[in-house]
Amino acid sequence: MFAKLSVLCAVAVSLLGLANAETIGPVADLVIPNKVITVDGISRSSVLAGGTFPGPVISGNKHWHGIFQNGTNFADGPAMVTQCPIIPDDYFVYDFNVYDQAGTFWYHSHYSTQYCDGLRGAFVIYDTDLDNPYQKLYNIDDESTIITLADWYGEPAPEGRTLPLMTLINGLGRTVNGTASELAVINVEPDKKYRFRLIGLSCDAPFNFTIHNHQMTIIEADGEYTAPVVVDSLWVYAGQRYSVVVHANQPINNYWIRADPPAGTRYLSGFDGGRNSAIFRYAGADTNKEPETDGISTRPLDEDNLHALVHPTPPGRPELGGADMVIPIQQRFDMGRFSINNATYVSPSVPVLLQILNGTYDAEDLMPKGSVYKLPPNSSIELQFHGLSTGGPHTFYVVKNPHSPNFNWVNPVIRDTVSTGLNSNLTVVRFFTDNSGPWFLHCGLAIVFAEDPEGTEAHQNPIPPPFFELCPKYEESNPDKDLENLTSATRAGITV
């Protein structure tokens, strides 16, 4: 059983493999098979992009089609938000355009639990030299400098396991009392400067990332350039990405890379036996020897120090509640289900986009009931989050992060994924509505923003006829509805 995604682009593109991934492209079919894979001696069934974990790296230059889907909401991917799922043994061509975006992204499934079961990978849009403000800071930025961080589970998610078994860095890792299997190796040459792209492919766990004895200069967060910030450790939450410049200026040796989840009963933190680790290896170092380094962070990232490099001022008035529309978001997790403002997301029977194209515009009439929020066009929007973490349809200004009491109305970081802490924390973000269509705000929790629904049809580029064939095929295939309802808060097709 497999589905196929055809990635169509108008310029030079390659899909480059990490770890075990093969190279495909420039115009590519990305096959999604079920496959049994083995990590640190533990075999399990998975669903994989291109048959590997992580999936192939999709990369291209600045004008490669992708990401914001401005005018191409139909190609965004979330099942029953913008489209019906792709059924087994079928395919759909995602053909879309993007302007003025470059950076580090990722793609993943939202259908049922496929994302947690392996269908996730890196997506990089390389900037041109003229448009890259940090081009002179580093020598090397290619597929060898992509570092993916993921949690891995011992059995398929529908079977009910709730805790990750191990951390995988570029698809490799070890478990407690495991087989001392191969670890990922990041190879560097002395005195070279590298742009490492850190990608949180996690289903759930955040990771504290360090490279022993090396500082990192942050220059990008979630596809947006930041003012440079020098750190020696940083937390990478599920869905977040960073670009960091690292100078290989230490003695030739092997150094530990650590990606440690939080301590406690939920995750398996610690480094015994090489867990939660990879190897940072200088050319000339002993390739048969694992690192013996120790590392204590003295310069961790303070998110208050992250600032947007361009367009730093958020929309609206510089005060809490100073936007055209303010939406408080109270998140809860109770009896195994997430809810937002007392509504649990249940996937609708018809994609929200099709409902809008058929003339349904008001939130109270759109399915799923209680989980659709209508946003006016050309307006500043303020979201006030209480607890948990989330990612959304726009990049947004993080005017208050959950770990600080401070508000920044002058130059906050712009990104698309933010930790929102625990129930006692407040996170405030702002964005401007300039992209009509239904957009999925999600990460365990889920709601849909119907942005300017009256303008959605006119805002869309011509929708290809095969898009309208997805739902009839899906209904005819009689999918497992019970499984869908069980996992309805973590849904969709392929999201990039």
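Expressed to the nearest 5 percent, the antiparallel share of DSSP beta bridges inside the chain is 75 percent. Across the range 264-339, Cα-Cα distances exceeding 21 Å account for 68% of all pairs. Among Leu301, Leu470, the sequence by solvent-accessible area, most first, with a 1.4 Å probe is Leu301, Leu470. Computed from backbone phi with θ = phi - 60° and the Karplus coefficients 6.51, -1.76 and 1.60, the 3J(HN,Hα) list for the range 338-354 is 8, 8, 10, 6, 6, 10, 8, 5, 10, 4, x, 7, 10, x, 4, 4, 5 Hz; x is used for glycine and proline. Expressed in Å, the radius of gyration and Dmax of the Cα atoms of the chain are 21.6, 66.
Ligands, DNA and RNA left out, the accessible area of the chain computed with a 1.4 Å probe is 52% carbon and sulfur.
Each peptide in 182-191, 239-248, 40-49, 408-417 receives the mean, over its residues, of other Cβ atoms within 10 Å, and ordering these scores from highest gives 239-248, 408-417, 40-49, 182-191. Per residue of the chain, the DSSP helices (runs of n ≥ 4 H) give a summed -39500 (n - 2.57) that works out to -1500 deg cm²/dmol at 222 nm. Net charge dipole, the range 179-280: roughly 40 debye, given to the nearest 20, about the Cα centre with Cβ charges of +1 for Lys and Arg and -1 for Asp and Glu.
With all protein chains kept in place, the per residue accessible area of the chain amounts to 40 square angstrom at a probe of 1.4 angstrom. The relative contact order of the chain, computed from alpha carbon pairs under 8 Å that lie at least 6 residues apart in sequence, is 16 percent. Positive end of the dipole of the chain (Cβ unit charges, origin at the Cα centre): among Ile87, Met216, Tyr373, the Cα lying farthest that way belongs to Met216. Here the chain is assigned +1 on the Cβ of each Lys and Arg and -1 on the Cβ of each Asp and Glu. Its dipole about the Cα centre then comes out at about 800 debye. Listed peptides 130-140, 110-120 appear in the order 110-120, 130-140 once ranked by packing, highest mean of other Cβ atoms within 10 Å at the front.
Taken over the chain, lysine pairs spaced eight or more positions apart, or on distinct chains, with alpha carbons under 17 Å apart number 5. Beyond 23 Å, how much of the Cα-Cα pair distribution for the range 82-220 remains, as a whole percent? Value for the range 82-220: 49 percent of Cα pairs lie more than 23 Å apart. Taking amide H as placed 1.01 Å from N in the peptide plane, the amide H of Glu451 sits under 5 Å from that of Leu375, Gly437, Trp439, each at least 5 places away or on another chain. Ligands, DNA and RNA excluded, the heavy atoms of Lys369 present near 130 Å² of accessible surface to a 1.4 Å solvent probe.
Taking the empirical scaling 2.2 N^0.38 Å for compact globular proteins as reference, the range 202-269 has a Cα radius of gyration ratio of 1.22.
The values are calculated or read from the model by the stated rules, or taken from the named source; none is laboratory data. Here the structure is a predicted model, which is why all the values come from computation and not from measurement. When we count neighbours, we look across all protein chains shown, and the Cβ atoms used for this are built from the backbone with ideal geometry, even at glycine. Each accessible area value is taken on the protein alone, full model and side chains, heavy atoms only, with ligands, DNA and RNA left out. Shrake-Rupley method; radii C 1.70, N 1.55, O 1.52, S 1.80 Å.
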